Amino acid sequence: MRKVIGIGETVLDIVFRGGQPQAAVPGGSTFNSMISLGRCGIPSDFLSEFGDDRVGAMIKDFMKENGVTPDYVNMLKSKTPLSLAFLDEKNDAEYIFYRDAQEERPDFVYPEIEKDDIVLFGSFYALNPACRPLVKRFLEHARDLGAVLYYDVNFRPSHVKDLGNIGNALWENFELADVVRGSHEDFITLFGIGDAQKVFDEKLSSRCSNFICTFGSAPLKIIDSRGPVGDYPVEPIRTISTIGAGDNFNAGFIYGLVKDGITGDMLRNGLSKEQWDDLVSCAQSFSACCCQSAFNYITPEFAASHRL
């Protein structure tokens, strides 16, 4: 079976509701996606870094328990980062992050990569000047070996102040990716543009051929190099927490790529409407499952019914 390789930040999420802590769970955007994929039985490797401390040991054990290989994690002398997530009345989260100053980062040991394995990357981790050389080197290595690259933009307003320091990293990520997914809030923050077609025409069309733009509870929009694919409504659900909603959309989409045998060549040559429909269905079902639980990933029960 094809494997999925994620690269990104790992934190311990402490979730608050009504001013009181409700849960402490391992998290991080790509991390959440990888746990859901690992639970589905998809071979999953994760490149990351966190502290060689009690929290880090707990996270490493959690990865093993959920089918994600921890062999490519760098254990640092600094403490594992913490994220405080405060849920509002809509179950949306506002975050505060606590991190030690990082020591010099060692390079990653790469897993073996075969053609059409899938690499997931994104968030500020994929832009951060402190780790960008390591990330870029890995992404280019994976692309050279024929991997499919999926880029989740996930750019928070708190990083606007860092835009002047990221150089060409954003454009390089767009050009490396076979699929780009972002929310309209991401593109408003980055470019002052909330219209998906305008984002694609002005920023992406010469760089990436498959674009997914989400709009919260409003229909998401997909555009490829041939033009608009369609708008996909989001089924209303009662949420417990929206932490991990986008991360599990990514996991479900990648699950669909593996399940349906969709290769990099197929993505670059253009998918049929039926193929897009099934990928979106997988993505939305994973996201909905996560939102109806108190955790950052699909439930073990949902995963058991989707094992490949």
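Label point 7 Å out from M75 along Cα-to-Cβ: which residues of the range 104-138 have amide N under 16 Å?
Only 106, 109 fall inside the zone, counting backbone N under 16 Å.
Once you order the gyration tensor axes a ≥ b ≥ c over the Cα atoms, which shape class does the range 1-81 get: rounded for a/c under 1.5, otherwise prolate or oblate by comparing a/b with b/c?
Since a/c reaches 1.5 but b/c is at least a/b, the shape of the range 1-81 is classed as oblate.
For K77, give me every one of the lysines with a C-alpha distance below 21 angstrom, ignoring sequence neighbours fewer than eight places off in its own chain.
Those lysines meeting the cut-off are K60.
Can you give the FRET efficiency to the nearest 0.05 for N269 and S205, using r as the Cβ-Cβ distance and R₀ = 22 Å?
That pair, N269 with S205, gives E of 0.85.
What share of the DSSP beta bridges in the range 72-195 is antiparallel, in percent to the nearest 5?
That works out to approximately 45 percent antiparallel.
Would you list, by chain and number, the lysines whose Cα falls below 17 Å from the Cα of K273, excluding same-chain residues fewer than 8 positions away?
K221, K259
Connecting C-alpha atoms closer than 10 Å in a GNM of the chain, tell me which of K136, K90, K161 has the biggest fluctuation.
Between K136, K90, K161, it is K161 that shows the largest mean-square fluctuation.
Would you work out if the chain is rounded, prolate or oblate? Take a ≥ b ≥ c from the square roots of the eigenvalues of the alpha-carbon gyration tensor; rounded if a/c is under 1.5, else prolate when a/b is larger than b/c, oblate otherwise.
rounded
Residue separation times 0.36 nm, minus the C-alpha to C-alpha distance between N168 and A101: what's the value?
21.7 nm
Return the single residue from G252, G56, G227 with maximal mean-square fluctuation; model: Gaussian network over the chain, springs between Cα atoms under 10 Å.
Comparing G252, G56, G227 in a Gaussian network model of the chain, the most mobile one is G227.
When the Kirkwood radius is taken over all Cα pairs of the range 123-226, what Stokes-Einstein diffusion coefficient follows at 20 °C and 1.002 mPa s, in µm²/s?
The Stokes-Einstein estimate is 152 µm²/s.
In deg cm²/dmol, rounded to 500, what helix-only [θ] at 222 nm does the chain give when every DSSP H run of at least 4 residues adds -39500 (n - 2.57) and the total is split over its residues?
Result for the chain: -9500 deg cm²/dmol, rounded to the nearest 500.
Which of the aspartates and glutamates could a cross-linker span from K115 if the Cα-Cα distance has to be under 17 Å and same-chain partners fewer than 8 positions apart are dropped?
K115 reaches D45, E140, D144, D178, D260, D265.
What does the net charge come to around D224 if you take all other residues with beta carbon closer than 12 Å to its beta carbon, with K and R at +1 and D and E at -1?
Local net charge: +3.
Write down the percent of antiparallel bridges among all DSSP beta bridges whose residues are both part of the range 48-130, to the nearest 5.
60 percent
Could you tell me whether the range 22-68 comes out rounded, prolate or oblate from its Cα gyration tensor? Rule is a ≥ b ≥ c as square roots of the eigenvalues, rounded for a/c under 1.5, then prolate if a/b exceeds b/c, otherwise oblate.
In terms of gyration-tensor shape, prolate.
What whole-number distance in Å separates the alpha-carbon centres of the range 129-147 and the range 264-288?
Going from one Cα centre to the other spans 25 Å.
What does the extension gain come out to for T299 and L145, with contour length at 0.36 nm per residue minus their alpha carbon separation?
Stretched out fully, the T299 to L145 stretch lengthens by 52.1 nm.
Amide H of Q22: which non-local residues (sequence gap of 5 or more, or other chain) have their own amide H closer than 5 Å, using H built in the peptide plane?
Under 5 Å from the amide H of Q22 lie the amide H atoms of V15, F16, R17, each far enough along the sequence or on another chain.
If I model a spin label at V109 and E94 as a point 7 Å from the Cα along the Cα→Cβ vector, what separation in nanometres do I get?
The two pseudo-label positions are separated by 4.3 nm.
Report for the range 173-308 the percent antiparallel among DSSP-assigned beta bridges with both residues inside it, nearest 5.
Within the range 173-308, antiparallel bridges account for around 70 percent of the total.
Read-outs: derived from the displayed coordinates by stated rules, not from any lab. Treat the numbers as computed from the prediction; the structure is a model and nothing was measured. Every residue, glycine as well, gets a Cβ built from its backbone with ideal geometry; the counts of neighbours run over all protein chains shown.
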